[in-house]
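These notes concern the structure reproduced below.
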Amino acid sequence: MSLTQQHLLDTYRARHLGTPAPPAPGTHDVRVVRELREYRRFRAVLAERPARARLRHALRRRLLGQARPSC
């Protein structure tokens, strides 16, 4: 069963049971990605690591051959 078919079935059931219809697939994707990013930043702070742009800085060091900055 595809995602669209499941959503239509859930909407049909909700209509007949009188409950609110479920959100359409993909409705909250952007919010989930933002929350995941914030969660990862939070975990980095708890682990006493830099909380921003770690991947970008690692790629820049790798591509440009820069030495790792000493903190």
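Just a few scattered comments:
- Flag for R56 being open to solvent by 100 Å² or more (accessible area, probe 1.4 Å) and at pLDDT below 90: yes
- Total residues in segment 7-35 satisfying the condition of being farther than 30 Å from R52 by Cα, part of a helix (DSSP H, G or I) and open to solvent by 70 Å² or more (accessible area, probe 1.4 Å): the figure is 6.
- Any chance A24 is more than 30 Å from R56 (Cα to Cα), under 20 Å from the mean Cα position of the chain (by Cα) and among the hydrophobic types (A, V, I, L, M, F, W, C): yes
- Where a residue in segment 54-66 is more than 20 Å from R40 (Cβ to Cβ) and its partner, wherever it lies, is modelled with pLDDT of 75 or more, with Cβ under 8 Å and at least six apart: Q66/R60
- Inside segment 36-47, residues that are open to solvent by less than 80 Å² (accessible area, probe 1.4 Å) and modelled with pLDDT of 90 or more make up a count of 0.
The values are calculated or read from the model by the stated rules, or taken from the named source; none is laboratory data. Just so you know, these numbers come straight off a predicted model, no measurement behind them. Cβ sites come from the backbone with ideal geometry, for glycine too, and all protein chains shown count toward neighbours. Heads up: the accessible areas ignore ligands, DNA and RNA and are worked out on the full protein's heavy atoms, side chains in. Shrake-Rupley method; radii C 1.70, N 1.55, O 1.52, S 1.80 Å.
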